[in-house]
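The structure appears right after this line, and notes come after that.
The values are calculated or read from the model by the stated rules, or taken from the named source; none is laboratory data. A quick note: this is a predicted structure, and the numbers were derived from the prediction, not measured. Positions of Cβ are backbone-derived with ideal geometry, glycine not excepted, and every protein chain shown enters the neighbour counts. Accessible surface areas use protein heavy atoms only, side chains included; no ligands, DNA or RNA. Shrake-Rupley method; radii C 1.70, N 1.55, O 1.52, S 1.80 Å.
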Amino acid sequence: MNQNRGINQDVTQEMNRSLLLKSLRREGVCSRAHLAALTGLKQATVTNIMKDFLNWGIVKEIGFLNGSKGRRSIGLSINPDGYRVMGVRLARKHYSVGLFDLTGKQIVKERVDFELEKQPGAEEILNQIVGRMRLMIQQYGKDSVLAAGLAVPGPFIAKKSRIALITGADIWKDIELKAFFNRELDIPVFLEHNANAGAYAHMWELKEAYHDDILVYIAAGQGIGAGIVMNGKIYEGALGTSGEIGHMTIDRNGKPCACGNRGCLERYASSLELVKTVYGERAGMDGCKFEDLEQRIKSGDTIGTEHYRRACESLGVGIINIINVINPDRIIIGDDMARPNPELMEQTVRETVQKGILPDVWEELTLSISEYQGDPILTGAAIVAIDRVFDCPGQFIKN
Ligand SMILES: [Zn+2]
């Protein structure tokens, strides 16, 4: 009996710790009294837990805040100098590795692009990534790095920790990613679909502006995926493959796709496809890469811009379908395709979507192009790790 009560108390304490860390992160800076008011916890509980957090070095005091009635209280924040997490982004044509503090701020980042002709095999890429991670861990203190998040393209079967299909990058099929990292590293590694990671990063950035919104982040890059956040949590689906909008049919008599379907959104609105449409056989060669096309569109090239506009129209059709299925509050579009001409993308998508959905639904929808500084998918990978640490801090921080 007594033992059970002890276990329940531990669980409750860990839940309270998690609630406080997440609230504090969202507020940025606030007092113990404000935290108690926000979370509904007793002042004494907040004070006790904060004492532990200060000892652990996960929270720090940052001087006095001016409260109501002229009373002053001590401000608290997540300690940016304490612990670290790592974020890793695995993309079709590159990977990035970064080190972050627990507020989600990037400390260092390395990006490696693959040569088209000399793309290394999956095992070699994984070994390179692990090598870079080990170096960063060594450099920044072994004990202070708590966990890592890894954002991967999909369809990613979260419950099996493997990627089912990456168009144009078959090497990843059937590789047990989680098992690999668990074997190679001493810190826990959490995997997330890249669009979900991007959605997390945007949700964090919105801070107080995000309440229980249904937020959809669309990563329109070399592939297309959507990260769906509901009540502050990623909506995963049964196997973890929800949001796989790249393989949503927008034309059932359309172009065939590697997934076995026809007329998939990815075949009309991804950056890989746009490059193929504009450059044909030369796509991907020097001078015919997405970055070259991006420059052409930025300098007003008519043909490039027209193909880009059509791709944005197709994306709009995909977005109509998402809206009809989940009726989100906010949609944010980001990744490669949002870069060449964000204004034109926003205008084209808005026009397409407005024509295709109910006026009442349109009026309540916030649709925008991401203005995120840095790579939200890489930062989102780190945030996935931070979120896991904040879920049960006592398990990560040994004291
Ligand atoms: Zn498909």
Going through the stretch 372-399 one residue at a time, which ones are of a type in the set (Phe, Trp, Tyr) and not in a loop (DSSP other than H, G, I, E, B)?
-> Phe390, Phe396
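Condition check ((1) free of Cβ contacts under 8 Å to residues at least 40 places away in the same chain; (2) over 22 Å from Tyr372 (Cα atoms); (3) more than 16 Å from the ligand (Cβ to nearest atom); (4) among the β-branched types (Val, Ile, Thr)) across all residues:
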residue	(1), (2), (3), (4)
Met203	yes, no, yes, no
Tyr217	no, no, yes, no
Lys233	yes, no, yes, no
Thr241	no, yes, no, yes
Gly254	yes, yes, no, no
Cys257	no, yes, no, no
Gly263	yes, yes, no, no
Ala269	no, no, no, no
Any idea which of Pro328, Pro342 is in the same structural domain as Gly232 (by TED's automatic domain parsing) and open to solvent by 20 Å² or more (accessible area, probe 1.4 Å)?
-> Pro342
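Looking at the structure I just gave you, is Arg111 open to solvent by 70 Å² or more (accessible area, probe 1.4 Å) and within 23 Å of the chain's Cα centre (by Cα)? Reasoning before the result, please.
Details: open to solvent by 70 Å² or more (accessible area, probe 1.4 Å): yes; within 23 Å of the chain's Cα centre (by Cα): yes.
Spelling it out, Arg111 is indeed open to solvent by 70 Å² or more (accessible area, probe 1.4 Å) and within 23 Å of the chain's Cα centre (by Cα).
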Can you tell me which of Asn48, Asn66 is more than 22 Å from Asp143 (Cβ to Cβ) and at pLDDT 90 or above?
-> Asn48
Looking only at the stretch 222-245, decide whether some residue is at pLDDT 90 or above, under 28 Å from Asn321 (Cα atoms) and not hydrophobic (A, V, I, L, M, F, W, C).
-> yes
Only one of these is modelled with pLDDT under 85, more than 16 Å from the ligand (Cβ to nearest atom) and either among the acidic types (Asp, Glu) or not in a loop (DSSP other than H, G, I, E, B) (or both): Asp186, Asp174. Name it.
-> Asp174
Would you be able to say whether some residue in the stretch 51-60 is aromatic (Phe, Trp, Tyr) and open to solvent by less than 40 Å² (accessible area, probe 1.4 Å)?
-> yes
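Could you tell me whether Thr305 is open to solvent by less than 50 Å² (accessible area, probe 1.4 Å), in a helix (DSSP H, G or I) and modelled with pLDDT of 95 or more?
Working: open to solvent by less than 50 Å² (accessible area, probe 1.4 Å): yes; in a helix (DSSP H, G or I): yes; modelled with pLDDT of 95 or more: yes.
Criteria met by Thr305.
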State which residue is nearest to the ligand (Cβ to nearest atom) when the search covers only the stretch 243-252 and only residues that are open to solvent by less than 50 Å² (accessible area, probe 1.4 Å) and out of contact with any His (no Cβ under 8 Å at 6 or more places or on another chain).
-> His247
Extreme residue, nearest to Ile332 (Cα to Cα), among residues of the stretch 358-399 that are surrounded by 15 or more Cβ atoms within 10 Å (Cβ to Cβ) and charged (D, E, K, R) | Asp375
Please tell me if Arg282 is open to solvent by 70 Å² or more (accessible area, probe 1.4 Å), away from the ligand (no atom under 16 Å from the Cβ) and not assigned by TED's automatic domain parsing to the domain that holds Asp113.
-> yes
Scan the stretch 225-247 and give yes if some residue there is farther than 30 Å from Asp391 by Cα and in contact with a strand residue (DSSP E or B) (Cβ under 8 Å, 6 or more places away or on another chain), otherwise no.
-> yes
On the given criteria, is Lys355 open to solvent by 20 Å² or more (accessible area, probe 1.4 Å), free of Cβ contacts under 8 Å to residues at least 12 places away in the same chain and part of a helix (DSSP H, G or I)?
-> yes
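The rows are residues; the columns are (1) over 16 Å from Ala147 (Cα atoms); (2) outside the structural domain of Trp56 (by TED's automatic domain parsing); (3) at pLDDT 95 or above.
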site	(1), (2), (3)
Arg72	yes, no, no
Leu90	yes, yes, no
Val97	no, yes, yes
Phe100	no, yes, yes
Val112	yes, yes, no
Glu123	yes, yes, no
